[in-house]
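Notes follow the structure.
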Amino acid sequence: MKSLSAVCLCALAALAASPAAARHASGKNLAAAMMRLDPDTRFEQRCNGEAIEVLHRQEKGFAPNEVVAYAFGKSEIRGGQVLAPHAAIRSHGEWYHLSYACRPTADGLAVESFHYTLGAEVPHSEWDDHYLVP
């Protein structure tokens, strides 16, 4: 069984190689891979993806490519929401504090609502202690 990361890399390669048909096929592969995850993991992963998408659109000059929901404290799923008040997000090789609340759909493949607060840059001296990689 392929890992989610392997499926994501295959999907990205397909998108780069071929336009619309690849998008449809890779989307199906990614959805299938996501459905193999336990629900809590699937919800958190989908919400991390939403954080990347939303901050890319809403924060000028921001180019996020990674989120760690549990970087500075536990994330939790409560009342159908993923709550990650102590997350971190990486943009242009630097990490920033992030807090988000996200309500995924029942299957965890889409997001109904997403609210966030972007915080200060995380000093490099704190990266190792919080699972943050360059």
Which one of the conditions (1) modelled with pLDDT under 95; (2) surrounded by fewer than 13 Cβ atoms within 10 Å (Cβ to Cβ); (3) over 24 Å from VAL133 (Cβ atoms) does SER113 fail to meet, given that it meets all the rest? (1)
For segment 69-119, which positions are assigned to a loop (DSSP other than H, G, I, E, B), touching a residue at least 24 places away in the same chain (Cβ under 8 Å) and farther than 23 Å from LEU30 by Cβ? ALA71, PHE72, HIS92, GLY93
So for segment 27-40 (the condition being modelled with pLDDT under 95, under 21 Å from TYR131 (Cα atoms) and either under 14 Å from the mean Cα position of the chain (by Cα) or not in a helix (DSSP H, G or I) (or both)), does at least one residue qualify? yes
Would a scan of segment 43-56 turn up a residue that is assigned to a strand (DSSP E or B), out of contact with any Ser or Thr (no Cβ under 7 Å at 6 or more places or on another chain) and of a type in the set (D, E, K, R)? no
Output the qualifying pairs, or none if there are none: Cβ atoms under 7 angstrom, residues six or more apart or on different chains, first residue in segment 52-68 and closer than 14 Å to CYS102 by Cα, second residue among the polar types (S, T, N, Q). ILE52/ASN65; VAL67/ASN48
Condition (residue is modelled with pLDDT under 95, assigned by TED's automatic domain parsing to the domain that holds GLU121 and surrounded by 15 or more Cβ atoms within 10 Å (Cβ to Cβ)) applied to segment 88-108: is it met by at least one residue? yes
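Residue check: is ASN65 polar (S, T, N, Q), farther than 16 Å from HIS130 by Cα and in a strand (DSSP E or B)? Lay out the reasoning, then the answer.
Values: polar (S, T, N, Q): yes; farther than 16 Å from HIS130 by Cα: yes; in a strand (DSSP E or B): yes.
So ASN65 fits the description; yes.
The values are calculated or read from the model by the stated rules, or taken from the named source; none is laboratory data. As the structure is a prediction and not an experimental result, all values here were calculated from the model. So basically every Cβ, Gly included, is an ideal-geometry build from the backbone, and we count neighbours across all protein chains shown.
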